[in-house]
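Here the structure is laid out as structure tokens; the discussion comes afterwards.
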Amino acid sequence: MLRARAAGAALSALVALVVAGGEAEPGSTEAGLPGNGPPVLGAGAHMTPRGAGALREHAEDVVDYTLRASLDPRAHTVHGEGSIRFRNTSAVAVRELWLHLYLNAFKNERSAFLREPAAGSRGSGLPTDWGTIDLRALSLRGPDGAVADLLPALELKRPLADGAGERAASDEDETDARVPLPREVAPGDMITLDVAWDDKLPTVLERTGYSGSFHMIGQWFPKIARLEPDGTWAHFPFHHLAEFYADFGMYDVTLDVPEGFTIGATGPVVEARREQGRVIERHVQGDIHDFAWTAWDRFDSREATVDGVRVRCLYPRGFDRDAEIELAAVGFALPYFGAHYGAYPYPVLTLVHPPEAAAEAGGMEYPTLITTGGPWHGDPFTRIIELVTVHELGHQWFYGLLASNESLWPFLDEGLNSYAEADVLRAMHDQRSLIDLPGLAVSDHAWQAFVANAYAHDAPVAQAASAFPTGRQYGALVYSRTAAILETLHRVYGDAAMTASLGSYARLYRFDHPGPESLIGSFEAGMGGDAAATLRRALFDRGWVDYAVTEVVSHAEAPARGIFDRDGQRETVKEAGKGAPGGNVEGWVLVERKGTLTFPVEVELRLAGGERQRVSWDGRGSSVRIPYHGHAALEAAVVDPDHAVLLDDDLTNNQSTARDVSTRGATRVLEEATYAAELLVEGLSP
């Protein structure tokens, strides 16, 4: 999901600052039912895979949903019914189930979602029309054919604490319900629930709701929480900054909407018909852990085939250019993600571009379905439409296929995906991946570092979503800081090491719900112990670093002063000589490292006449003194001249010129300001 990190207003502010102060670094189908003959995009894209090893073909099937849902677009309601088949894949017997009833987050101001602070995050207002999910039936089928009614024992309101260090939710929250069972479910056993419910959709707020006749329907059905291997339930209320976590299974969902409405939904259409003024579609998809859909009577539609995947873009009438941009972005990014993190395993992908009045429905991900966004997300000189599309597409891997606990460890989803997003955009547009204007180019990686470093000392990256006090801090640390950490490791250790780390992680843990230790272990295997230790500190310990060149000394080689014994004679040299004309020069450079993070860096020695020499420092220890001896005068030194360490707290002290170390003062201040401007031009300009 895309949050405040890429907000158009913040980008506008950055560009305004830079401009004020100087330079800075297709075929359409009938709306309603699927069409035929789409163009082919991304054909012939050959990329070197990142990460070796065979991909797991299927997830462990834990919970299957067979559902039917009917939309009333005038009342903005959905009636649903069906069955849920659950298998206990844990090591212990269970006597209860937990259901997520997340539409109740919009029921009243006492929900955990609406009580939690949201400064700097979208979804910070209130719906003008409230939303609810009401269970009408919940029963357990017995092995002898008997049916046990579970609804009377449902525990909907009670003090909630998820046991993961998050704040306890209000006892009036109704998004996380406990269901006692009349009999235990042994390991390996399967049960079937029959369920019926009614949804009242809210006006669009963040992920779901309606705006006029547009309906985005997410978190709309009673969903069983994830059962961990040890038999504990990973259940939690719907926190404002948190997202989702669930087991994999098969979804067989039949949707029913009025004729004239176009449906977009998770999974391929396996049956479609029109009946008594209604459009009915059946969507079936396995190996997923969620299902979402949309319905609107003003969608236009375009389709393409990308890497063998049928891609469908639903968008408001008149937004053909945006649809072209989104399909082109997917045409590049889908094979790129597949080559780097494992092939996309599903036959379809649906892009939903919501109308401007429902902008908060944009920038969201579900299995095989993503919502994008229009120019209202940012100014026309930014690549926001591409960025949103690529970011949400990346979630098919870092949310969909890996399925980490987004509530407990949001950086494993949003952070890794933000790095992957910027990596794709760099491959597409090089350093112009975010802003592209004559004389002004800003990369996504540069923007992430800019945002991240402002919050580097505030809180750890690796913590639960609900532990962040504001949406600004959450976005800066979870999204941008994680991305900047990974990009720094990429730049310092190289592409092959990143291939063996993040690429292998994504392939090895497909369908496996990995946690932080899985990620760090993959980096240890791919980059080594030092890199893995640095990654751990950067994520868990508010890790930071500041490299500085604090001394550059250069002088002509001359006789040393003191007492010397030569050829049986003792000689005292009282004054330093000036050295012979054209003689050698000697000196040194002192580089210091402050902070808790350690990265190998390059130190560039700049010599008279334009010559430059590079010296490598492993970054260990608090400082290193680099000796110099040569024919040309040593004029200056720069640590990390390629700006590989995006996490460097203060770039103005990365350079210093040779001088008498007793005179620093104003000259040093001017030099630092000059170097800051130089970095701005080098890092953000063409």
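Every number in this text was worked out from the coordinates using simple rules, so none of it is lab data. Remember, it's a predicted structure, so these values are computed and weren't measured experimentally. Note: ideal-geometry Cβ built from the backbone for every residue, glycine included; neighbour counts use all protein chains shown.
Please identify the chymotrypsin sites (Phe, Trp or Tyr not before Pro) of the range 309-363 that satisfy two criteria: DSSP loop assignment and at most 10 other Cβ atoms within 10 Å. Which are they? Counting only loop positions with at most 10 other Cβ atoms within 10 Å, none of the chymotrypsin sites (Phe, Trp or Tyr not before Pro) in the range 309-363 qualifies. Between the beta carbons of S518 and A496, assuming R0 = 22 Å, the FRET efficiency works out to 0.60 to the nearest 0.05.
As a proxy for reagent exposure, ranking D300, D149 by other Cβ atoms within 10 Å from fewest up yields D149, D300.
Each of the peptides 628-634, 100-106 was scored by the mean count of other Cβ atoms within 10 Å over its residues; in descending order, highest first, they stand as 100-106, 628-634.
Using R0 = 25 Å, the C-beta based FRET efficiency linking S616 and A525 works out to 0.60.
Using every pair of distinct Cα positions in the range 520-561, the Kirkwood expression returns a hydrodynamic radius of 13.7 angstrom. Convex hull volume per residue, computed on the Cα atoms of the range 272-350, equals 110 Å³. For the range 440-493, the square roots a ≥ b ≥ c of the C-alpha gyration tensor eigenvalues yield an a/c of 1.5 or more together with a/b not exceeding b/c, which makes the shape oblate.
For the pair V92 and D320, the difference between a 0.36 nm per residue extended length and the Cα-Cα distance amounts to 76.7 nm.
Counting every Cα pair in the range 62-247, what percent are over 20 Å apart? Above the 20 Å cut-off, the range 62-247 has 55 percent of its Cα pairs.
The order of the peptides 605-618, 583-596 by mean Cβ neighbours within 10 Å, most packed first, is 583-596, 605-618.
Ordering of 75-82, 204-211, 479-486 by packing is 479-486, 204-211, 75-82, highest average first (other Cβ atoms within 10 Å, averaged per residue). What is the calculated FRET efficiency for E155 to T652, with r their C-beta to C-beta distance and R₀ = 45 Å, to the nearest 0.05? About 0.20, to the nearest 0.05. Counting only lysines at least 8 places from K107 when in the same chain, those with an alpha carbon closer than 29 Å to its own are K157, K200, K223. For the range 415-420, 3J(HN,Hα) computed residue by residue from phi via the Karplus equation (6.51, -1.76, 1.60; θ = phi - 60°) reads x, 4, 5, 5, 4, 4 Hz, glycine and proline entered as x. The modelled label-to-label distance between A560 and D134, using points 7 Å beyond Cα along the C-beta direction, is 9.1 nm. Restricting the calculation to Cα atoms, every distinct pair contributes to the Kirkwood radius of the range 53-142, found to be 17.1 Å.
Annotation: Cα Rg of the range 232-319 relative to the compact-globule expectation 2.2 N^0.38 Å equals 1.32.
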